[in-house]
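What follows is one structure encoded as structure tokens, with my remarks underneath.
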């Protein structure tokens, strides 16, 4: 409830207790089955389980990042980034507003379910905006990409509050984005 | 098409079933723009003006029942948003896109879906509009008040032939629905080449007609379809659909029509 009115308490509860929990449960199940299959030397099962692991494991990884990406306004949510990340954003995108605009455009245009990310390529030390479908983690778009910020654009993330108006959800979520976490990750990767 | 005003009685349900036969939802509505440009020409118009631009566009079809007829299995609120907002937006998007394109003028809905699928590289604007309009039109028809139960006659025979038993089919359908990753649809489809019924799951907006197969039934597994009524309980949504919503009447009609295109068996010729 602390992220209201940008995201309703009901959504947060469902999202965390039900959706994220389901990903974890199914991920653990898939891992158990994988373990068995490896022990038995059952290669075809091992390969078959990959998509379930990618989906549920990805769901767990992505949502764990997501919770760190959000903070109530009274704890600094929405406060724009400073220091090296702020500087990098201005250099690369011109301004924070233009970054937000770009991310929102990508997020709104995403077909079906997925995520929109602000990431950093730790080899090139460059900021990137990417989208991934379903629960694919950012690293599937490039092995050197480290996620700084991810926004869940699955319908479950906003439906109860925003119905099908995804752009409104995207506009409002910036008010509770936790830039402090993003800055920490950035500095760690680019120090 | 109408059909939204009457409370379904037993006879009414049969009537509704007949309505599906009569509905040719591939008919594009011609624009009213003709009268517009007529007015323009009547007024002072510069000689070199373009001739009247005729634009084909689509209307939002109403489901063949009232929005609260599917309670308590699918709430009126869910239908108001799913049909009234989502489906309406898809139709509006489609019309906007059609307004900008000359090439797609005069296409039927089926042709639009296939053309914009572009052999596997769907043009996003179109596919998000044309295919979703098609899919949702079909979805409303795949459900009915007092649905569920089992099919009869020929369709049941075909299901038993292709799946072993109705129970097997139901299990496969439910499993496909629950194992879909992300957004998509589940279909009962008659495959043209293989001449049999199969259960198919597709991602996002993909529709089996792009592979030239014939849909018999579909189920919307996008989260928006069940979230308001079932939150994240997909399993309950799917089993409720199978138990109370699925329209085997509509399926039988689609099947009957499909058999005009696919020869499912030896004709029963009298032996001289």
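The values are calculated or read from the model by the stated rules, or taken from the named source; none is laboratory data. Nothing here was measured: the structure is a model prediction, and the numbers come from that model. In this analysis, Cβ positions are derived from the backbone assuming ideal geometry, glycine residues included, and neighbour counts consider all displayed protein chains.
Structural remarks
A quick yes/no check of all residues on (1) under 26 Å from the mean Cα position of the chain (by Cα); (2) at pLDDT below 90; (3) assigned to a helix (DSSP H, G or I); (4) at the interface with chain B (Cβ under 10 Å from one of its Cβ atoms):
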site	(1), (2), (3), (4)
A:6	yes, yes, no, no
A:10	yes, yes, yes, yes
A:23	yes, no, yes, no
A:28	yes, no, yes, no
A:54	yes, no, yes, yes
A:59	yes, no, yes, yes
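- Matching entry among A:185, A:116 (being away from chain B (no Cβ under 14 Å), buried (at least 17 other Cβ atoms within 10 Å of the Cβ), farther than 24 Å from residue B:202 by Cα and in contact (Cβ under 8 Å) with a residue 12 or more places away in the chain): A:185
- Single unsatisfied condition, residue B:151 versus (1) within 14 Å of chain A (Cβ to nearest Cβ); (2) surrounded by 19 or more Cβ atoms within 10 Å (Cβ to Cβ); (3) assigned to a loop (DSSP other than H, G, I, E, B): (1)
- Residue that is buried (at least 22 other Cβ atoms within 10 Å of the Cβ) and more than 14 Å from every other protein chain (Cβ to nearest Cβ), where the choices are B:173, B:139, B:166: B:173
- Scanning the range A:12-26 for residues that are surrounded by 13 or more Cβ atoms within 10 Å (Cβ to Cβ) and either free of Cβ contacts under 8 Å to residues at least 40 places away in the same chain or assigned by the TED database to the domain that holds residue A:169 (or both) turns up A:12, A:18, A:21, A:22, A:24, A:26.
- Lone qualifier among B:256, B:235 - being within 30 Å of residue A:158 (Cα to Cα) and surrounded by fewer than 22 Cβ atoms within 10 Å (Cβ to Cβ): B:235
- Any hit, the range B:181-200, residues being outside any strand (DSSP E or B) and within 17 Å of the chain's Cα centre (by Cα): yes
- Count - residues of the range B:90-121 that are within 14 Å of chain A (Cβ to nearest Cβ) and crowded, with 17+ Cβ neighbours inside 10 Å: 5
- None of A:160, A:124, A:149 is more than 19 Å from residue B:205 (Cβ to Cβ) and at pLDDT 90 or above except A:149.
- Members of the range B:228-238 found to be over 20 Å from the mean Cα position of the chain (by Cα) and either assigned to a helix (DSSP H, G or I) or within 8 Å of another protein chain (Cβ to nearest Cβ) (or both), listed by number: B:228, B:229, B:230, B:231, B:232, B:234, B:235, B:236
- Checking each residue in the range B:68-89 for being within 14 Å of another protein chain (Cβ to nearest Cβ) and in a loop (DSSP other than H, G, I, E, B) picks out only B:75.
- When residues of the range A:122-136 are limited to those that are more than 14 Å from every other protein chain (Cβ to nearest Cβ) and touching a residue at least 40 places away in the same chain (Cβ under 8 Å), the one surrounded by the fewest Cβ atoms within 10 Å (Cβ to Cβ): A:125
- Selected residue [surrounded by fewer than 16 Cβ atoms within 10 Å (Cβ to Cβ), without any contact (Cβ under 8 Å) to a residue 60 or more places away in the chain and closer than 25 Å to residue B:183 by Cα] from A:40, A:29: A:29
- Residue match in the range B:190-199 (condition: within 14 Å of chain A (Cβ to nearest Cβ), more than 17 Å from residue B:261 (Cα to Cα) and surrounded by 19 or more Cβ atoms within 10 Å (Cβ to Cβ)): no
- Some residue of the range A:61-73 being under 24 Å from residue A:179 (Cα atoms) and within 14 Å of chain B (Cβ to nearest Cβ): yes
- Exclusive hit being at pLDDT below 90 and either away from chain A (no Cβ under 14 Å) or within 19 Å of the chain's Cα centre (by Cα) (or both), set B:214, B:206: B:206
- In the range A:146-173, residue farthest from the other protein chains (Cβ to nearest Cβ) [restricted to those that are in a strand (DSSP E or B) and crowded, with 21+ Cβ neighbours inside 10 Å]: A:148
- Residue match in the range B:247-261 (condition: in a strand (DSSP E or B) and in contact with a strand residue (DSSP E or B) (Cβ under 8 Å, 6 or more places away or on another chain)): no
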